[in-house]
1. For the range 119-172, report the accessible area per residue in Å² (1.4 Å probe, heavy atoms, rounded to an integer).
2. Counting only protein heavy atoms, what percent of the accessible surface of the range 142-226 is carbon or sulfur at a 1.4 Å probe?
3. Around Ile69, which amide H atoms from residues at least 5 apart in sequence, or from another chain, sit under 5 Å from its own amide H, with H modelled in the peptide plane?
4. For the chain, evaluate the Debye formula with one uniform point scatterer on each Cα (no solvent term) and list log10 I(q)/I(0) at q = 0.12 Å⁻¹, rounded to two decimals.
5. Give a residue-ordered list of calculated ³J(HN,Hα) values for the range 278-294 (Karplus: 6.51 cos²θ - 1.76 cosθ + 1.60, θ = phi - 60°; whole Hz; x for Gly, Pro).
6. Please list, in order along the range 193-204, the HN-Hα scalar couplings obtained from phi with the Karplus expression 6.51 cos²θ - 1.76 cosθ + 1.60 (θ = phi - 60°), rounded to whole Hz, x for Gly and Pro.
7. Rolling a 1.4 Å sphere over the protein heavy atoms, what is the accessible area per residue of the range 435-505, to the nearest Å²?
8. What accessible area per residue, rounded to a whole number of Å², is obtained for the range 239-323 using a probe radius of 1.4 Å?
Amino acid sequence: MKVVVALVRHETNTFSPLPTELRFFNRGTGPHGPAYGEDAARAYGGTNSAAAAYMDLAAKLGADMEFAIAANAVPSGTVTRDAFESICASIMDSVKKGCDAVMLDLHGAMVAEGYPDAEGELLRRIREVLPKSVPVIVALDFHANFSRDLIENATVITGYCTYPHVDVYQTGERAGRTLEAMLKQGAEPVILWRRLPMLTHMLRQTPLQQPMKDIMDKAMAAEAEGRVLNASIFGGFPLADIAHVGLSVVLVVDESKREEGVRLLDELSELAWNRREDFIFPVEPMQESIARAKQLDEGPIILVDHGDNCGAGGPTDVMDVLEEVMRQGLTDVVAGPFWDPEAVDIMVRAGEGAELTVDIGGKTDMPELQMKGRPLSVTGKVVKITDGTYTITGPMFTGMTLSLGRTVVLESAGVLIFVSERPQEPYDIGLFTHAGVDPAKKKYVLIKSRQHFRAGFGPLARHVVLVAGPGVCSSDYSLFPFKNLPRPIYPLDAEASLSDSVTIA
């Protein structure tokens with residue numbers, strides 16, 4: 001038996017002005033881009049990834065495994081056509097050699113030039129050269145968006161059940177179990193799918209709490225009880241101006257249990273739709289949030305700038321929240337990382353111990369939101385310079401080695417400001433501790449995130465204050481010039497109804 005494994009992850013914010021080139025698909029694989037073959041297997045073996053689960057399954061089955069590519073990029077703007085074609089070519093080269101199964105660790109919200117559903121196009125190409133009898137199993141991020149191409153060309157689909165995403169390996173295992181059921185028990189999987197006309201807010205999607213919690217619990221229980229082979233709820237990624245955005249329910253059922261699966265699809269869909277108002281996040285003015293944080297006594301107090309989060313495609317160089325923190329006089333703060341290679345270069349050349357004034361951030365204009373980049377001028381002392389490399393020890397993507405690139409810690413007015421050459425969402429405290437700074441000992445920790453920070457920073461937080469800074473990750477949908485969304489869609493269209501859903505059942 002031969003299997004082909006591939007990992008391709010990118011969450012595309014179509015409002016971001018930063019195109020995603022092939023060299024940026026380097027998360028966990030080093031500075032130069034994707035890894036291939038044995039290098040890819042070494043990079044992701046033993047990590048909290050679906051690809052690692054696939055590798056373990058291949059070993060269990062005694063299968064010959066070819067790891068085509070590991071291409072993982074920080075969320076950002078549209079993927080270039082050249083990058084997409086290069087990634088697809090690597091996978092297709094492996095598939096065309098012949099195989100008995102394809103196991104894909106994908107994101108599900110990648111948009112490439114010319115391909116609004118990049119993953120769907122990849123699966124369409126794979127299915128063109130493989131007979132229908134060859135299973136294609138897919139593990140997807142909780143924030144996947146679904147078109148018919150993605151559904152119709154997969155054999156099995158599973159999605160993360162958590163946000164922060166701490167069950168990525170388990171998601172691969174779940175997909176693998178269904179593949180085993182096909183190989184050993186003759187299971188005949190059928191995918192049932194419904195995309196609801198709901199543009200949910202990411203700050204209201206997490207299965208840790210309502211309104212999503214018991215919807216996800218019901219889905220997971222159905223899978224655990226064997227009523228379906230796999231059950232997944234996808235919150236969807238709302239910051240993509242494409243025609244297939246929305247909350248989705250995806251069930252994999254044995255053909256013999258199709259009717260029971262359709263009933264569960266209806267139940268879960270109606271439950272989510274009836275709670276549509278609860279999936280909307282009310283925005284508090286930034287200044288009020290920081291003033292409220294200033295009144296809290298015990299730290300660490302986690303200040304979460306969710307408007308400029310690279311985990312949802314922001315450049316992480318919008319400085320408004322840090323500026324307001326310093327204006328209101330908060331001290332004993334660690335903040336960052338802020339993305340600014342130019343400022344890093346200036347401070348590295350100045351050296352540790354140097355005192356200087358430097359403009360940080362504000363290098364990125366965001367024309368879709370009519371925002372001009374505005375740097376923050378900071379006077380301070382360079383207290384640390386690092387290579388930015390650390391290994392994740394927390395529960396999200398455990399074991400992966402990441403790099404911020406060269407990283408500088410600048411001390412100014414009671415604030416330790418981390419500035420890095422590469423953007424990185426703070427889901428692990430290693431991005432601070434690798435430079436000798438323990439966030440647990442700070443009163444305030446200012447980071448750019450939405451939910452993923454809870455994986456690494458949640459256990460040390462005494463308080464969490466969500467701060468609505470400006471940027472392409474804003475929760476105020478009225479700021480975005482949507483043109484391609486499926487309409488009607490809630491909350492942009494009050495007349496949207498459950499009958500506007502798209503269904504394969």
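1. So the range 119-172 comes to 26 Å² accessible per residue, rounded to a whole number.
2. That fraction is 47 percent.
3. Amide H neighbours of Ile69, under 5 Å, 5+ apart: Leu7, Gly37.
4. Debye output, listed in q order: -1.06.
5. Using θ = phi - 60°, the values come out as 6, 8, 9, 9, x, 8, 9, x, 3, 4, 5, 4, 5, 4, 5, 4, 5 Hz.
6. Values per residue, Gly and Pro as x: 8, 9, 9, 8, x, 10, 9, 6, 8, 5, 7, 10 Hz.
7. 41 Å²
8. Accessible surface, normalised per residue, equals 36 Å².
The values are calculated or read from the model by the stated rules, or taken from the named source; none is laboratory data. Since we're looking at a predicted model, the values are computed, not measured. All Cβ positions, glycine included, derive from the backbone under ideal geometry; neighbour counts span all protein chains shown. Surface accessibility is based on the protein's heavy atoms, side chains included, excluding ligands, DNA and RNA. Shrake-Rupley method; radii C 1.70, N 1.55, O 1.52, S 1.80 Å.
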